[in-house]
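First comes the structure, then the notes that go with it.
The values are calculated or read from the model by the stated rules, or taken from the named source; none is laboratory data. From a predicted model like this one, the values you see are computed outputs, not experimental measurements. Ideal geometry is used to build each Cβ from the backbone, glycine not excepted, and the neighbour counts take in all protein chains shown.
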Amino acid sequence: MYLSLPGALYTLLTTYLWPKQHFPETKPLTFHLRHVHATATSSEILFADVQSPQQIQALGHDSYDLRIPSTRRLSIHHTSASSFQSARRHSRLYGESAALTWSEDEVEGPDVSNREVLITLAKMTANAYVEPKDSEWYDLKDRWNNSHPFGWSPTDNGFRGHVFVSEDNSTVVVSVKGTSAPWIAGGGGPTMKKDKLNDNLLFSCCCARVGPTWSTVCGCYNGSNRCEQTCIEDALQEESLFYPVGINLYNNITYMYPEANIWVIGHSLGGALASLIGLTFGAPVVAFESPGEAMAARRLHLPSPPSLQHITHVYHTADPIAMGTCNGVSSWCAIGGYAMETKCHLGEVIQYDTVGLLKWGVSISTHPIKVVLEQVLNAEWKGDGEKGGAPASDVVPKPRRAAEVEGEDGVCMDCYSWEFGDFGNATKRRWRW
């Protein structure tokens, strides 16, 4: 369960306890695309090596350089895996948080104040949607290997992405593919059915019950805007769903690179999953245009550490999915069969005001990562946020605590018109952040 700190107390604590997070330290890292990951079953993660060591040596490292120009020191809190899972069980059984002992470590995380860092991570994220030979592939450097034996075949229906590794093996970046919908990734794709199921479980108030004509994805709706709490939590525990698969992926990566610092990135659904994985393991996260994942984290009973500053969401105000406004029976999300009803995010938010400053209209057509790359991150902005000629690296919006950006008085609420509880009992709850 989560304890929400008032804004003033949060600011005071972060000023005195975690000051290094506000003073980036330059440490360039050079990455190579090392693996493709995909799921065969919920318990089996498949990896394909992009290049053999001999091929990399023959072609030369310069052909594969993908540079992160700077990093920042992050104070991240950890607890043991057994304590974490015990706290989850306690929260689920008793509806209250368990006392956890957190240890604090300093790790290198991406410098999210640097525009070039965000652009590079966004390119890594974008490429998870397509095969390298696809025309939509962003050319990180020429002469990439295009041989991928699995992960994109017509029969695939699951979790996939890429693994980038720094030259010294000190840092691994795991990208997670988001929803392959026609209006996000250009034409849907083989994973679209499973993507939609995860979207409708993670980001709907109750099993995608948007209206009386909708077929729900689980049987938790109790009528009259009431939702069975235990039922919806059970639905999210299914091993075939993407959160458990993501946990399995992370454990595989730590086995392959036991000494490495691992970052997790993603776009849309992939960004939300990256955040949930980062919350579970204390890994630095950068998520682009993610739907609000805070309610899913609470339903999964993921314990919250003292600080969530290792999770950064990057989105713009014309994207109704990230802003939590693509809802209701007449919305484009609902018309497409997606119940995207959440707005509350974890961690911190870098928000580009494309509506107020660039006069963009709110539209799901602004949601794709390609739009973010080419029209937001690659745009030239002045210091006051207006489009112009000043260096864009000077004007990355300052990260702010998500609840302060998205809520009132530092509290963000999802699904406020719903009642949640086990209605055979007296317990009824609404989620507050």
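Quick notes on this structure:
- Counted residues, region 351-383 - those being in a loop (DSSP other than H, G, I, E, B), touching a residue at least 12 places away in the same chain (Cβ under 8 Å) and over 17 Å from the mean Cα position of the chain (by Cα): 15
- Within region 66-83, residues that are without any contact (Cβ under 8 Å) to a residue 40 or more places away in the chain have Cβ atoms under 8 Å from residues that are not in a strand (DSSP E or B) in these pairs: Ser83/Leu100; Ser83/Thr101, counting only partners at least 6 apart in sequence or on another chain.
- The residues of region 150-173 that are over 20 Å from the mean Cα position of the chain (by Cα) and modelled with pLDDT of 65 or more, listed by number, are Ser166, Glu167, Asp168, Asn169, Ser170.
The rows are residues; the columns are (1) of a type in the set (Lys, Arg); (2) over 28 Å from Val396 (Cα atoms); (3) in a loop (DSSP other than H, G, I, E, B).
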position: Ile277; (1), (2), (3): no, no, no
position: Val286; (1), (2), (3): no, no, no
position: Pro305; (1), (2), (3): no, no, yes
position: Asn327; (1), (2), (3): no, yes, yes
position: Met340; (1), (2), (3): no, no, yes
position: Val349; (1), (2), (3): no, no, no
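- Residue check for Ala297: more than 14 Å from Ser268 (Cβ to Cβ), within 17 Å of the chain's Cα centre (by Cα) and in a helix (DSSP H, G or I): yes
- Spans of helices (runs of 4 or more DSSP H) in region 52-141 with at least 1 residues modelled with pLDDT of 90 or more and either in contact with a strand residue (DSSP E or B) (Cβ under 6 Å, 6 or more places away or on another chain) or buried (at least 18 other Cβ atoms within 10 Å of the Cβ) (or both): 81-94, 115-126
- Filtering region 195-212 to residues that are without any contact (Cβ under 8 Å) to a residue 40 or more places away in the chain and more than 15 Å from Met295 (Cβ to Cβ) leaves only Pro212.
- The residues of region 333-377 that are modelled with pLDDT under 90 and touching a strand residue (DSSP E or B) at 6+ places or on another chain (Cβ under 7 Å) amount to a single one, Leu358.
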